[in-house]
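Read through the structure below, which is laid out as structure tokens, and then see the notes.
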């Protein structure tokens with residue numbers, strides 16, 4: 001049975017061109033599902049896969065002759081691309097410098113972000129590793145100050161409707177259930193944050209996202225995948241080359 005995700009519940013289909021296969025076994029070595037084996041010096045589909053092809057594409061990527069194609073689970077041969085030359089990769093010091101120079105920004109210039117730069121950031125985010133393909137992550141793109149302000153306004157309206165969640169009586173009731181640490185967090189952080197965001201918006205101050213010219217909200221998976229993709233996007237947004 002294929003491993004289900006929010007995008008698919010079916011295994012991917014493995015196609016092998018026996019005429020192109022040279023029996024190198026790289027695909028068999030790369031497949032963690034045991035979906036492939038070697039018979040008569042040719043790669044063939046195994047009769048005993050672990051779950052069924054998850055569509056990671058590793059076998060298709062490592063095949064030196066292009067004998068393997070994967071279709072389904074949102075992957076196809078069209079997703080393959082040539083790796084950049086090794087000498088074009090950033091070295092340790094360059095990568096470390098990029099990470100060290102990155103800063104959190106709350107004061108933005110009054111200018112829009114070019115669509116080409118936004119696409120470059122998203123292209124980089126697509127390279128983020130995932131727990132299980134196909135990726136469950138989606139992205140909401142807010143590409144203007146007006147859109148980020150509208151998002152913040154909607155968020156503050158939602159907080160207004162949820163003020164009971166940080167009321168003294170509710171926090172007192174929940175104290176035995178969520179423990180001392182959460183009680184302190186709600187009293188010392190969550191409750192003041194509700195007040196800061198909502199009252200700030202009433203005064204015309206956007207303290208949620210500071211009217212940023214671009215915001216990307218990665219969501220969809222209950223696991224860590226969206227956070228990893230968001231971090232890759234943040235790093236690329238800090239790169240001077242974009």
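What follows draws every value from the coordinates through simple rules; no lab data is involved. Everything numeric in this text was worked out from a predicted model, so none of it was measured. Reconstructed Cβ throughout: ideal geometry from the backbone, glycine too, with neighbour counts over all protein chains shown.
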*Equivalent-ellipsoid semi-axes of the stretch 13-79, from the Cα gyration tensor, Å, largest first*: 17, 14, 9
*asked:* Can you give me the distance in nm between label points at residue 29 and residue 195, each placed 7 Å from the Cα along the Cα-to-Cβ direction?
replied: 6.3 nm
_Considering the Cα positions of the stretch 96-142, please state its Rg to one decimal place and its Dmax as a whole number of Å._
14.1, 40
_With the crude spin-label approximation of a point 7 Å out along Cα→Cβ, what separation in nm comes out for residue 97 versus residue 20?_
4.1 nm
*Determine which residues of the stretch 90-120 fall in the zone a paramagnetic label at residue 238 would reach in this model, i.e. backbone nitrogen under 15 Å from the point 7 Å along Cα→Cβ.*
93-106
*Note the angle between two axes, namely the Cα long axis of helix 115-125 and the longest principal axis of the Cα atoms of the chain, as a number of degrees from 0 to 90, rounded to the nearest 10.*
60 degrees
*asked:* Just to confirm the number: angle between the C-alpha axis of helix 168-185 and the first principal axis of the chain, 0 to 90 degrees, nearest 10?
replied: 50 degrees
*What list do you get for 68, 113, 75 if you sort them by fewest beta carbons within 10 Å?*
113, 75, 68
_Taking the beta-carbon count within 10 Å as an exposure proxy, list 217, 158, 92 from fewest neighbours to most._
92, 158, 217
*Please sort 144-150, 13-19 by packing, taking for each peptide the average over its residues of neighbouring beta carbons within 10 angstrom, highest first.*
144-150, 13-19
*asked:* With 10 angstrom as the radius, rank 174, 229 by how many other C-beta atoms surround their C-beta, starting from the fewest.
replied: 174, 229
*How much length is gained on full extension from residue 160 to residue 109, taking 0.36 nm per residue of separation minus their Cα-Cα distance?*
15.4 nm
*For the chain, find the longest principal axis of its Cα atoms and tell me its angle to the long axis of helix 225-238, 0 to 90°, nearest 10.*
80 degrees
*Report P(r) for the stretch 88-238: all Cα-Cα distances, bin width 10 Å, range 0 to the bin holding the largest distance, values in whole percent.*
10, 27, 32, 23, 7, 1
